[in-house]
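Presented below is the structure to which this report refers.
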Amino acid sequence: MGIIAWILIGLLAGAIAKLLLPGKDPGGIIVTMLIGIAGGLLGGWLGKVIFGVDSIDGFFDLSTWIAAVVGSLILLILYRALTGNSRSHRHA
């Protein structure tokens, strides 16, 4: 797949991850989109390393989308853990 396809998958995977983990994120939609792109790459790499499968078969392959969404969820949770807690304690 080309870089444009990865960006598109990452953007959509980031949006899906945001729908699965609703809440206010520090950084807004731009950061969520960047997390989605990085999460897509992370998910593909993890699928290859952990399970030994080529989870980056094609744009319309279900394993590609699952890997991208899982990677985006992981990065979104990490991002919230690193940045969200410090902001929520300031307002309390």
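Each peptide among 12-20, 71-79 gets the average number of other Cβ atoms lying within 10 Å of its residues, and from highest to lowest they stand as 71-79, 12-20. Length gained on full extension, residue 78 to residue 30, computed as 0.36 nm times the residue gap minus the Cα-Cα distance: 15.6 nm.
With θ taken as phi - 60° and the Karplus curve 6.51 cos²θ - 1.76 cosθ + 1.60 applied, the whole-hertz 3J(HN,Hα) list for region 29-42 is 6, 5, 5, 4, 5, 5, 4, x, 5, 5, x, x, 5, 4 Hz, x standing for glycine and proline.
Where a number appears in this text, it was derived from the coordinates with a stated rule and is not lab data. For clarity, every value in this text was computed on a predicted model and none was experimentally measured. Note that each Cβ is placed from the backbone with ideal geometry, even for glycine, and that neighbours are counted across all protein chains shown.
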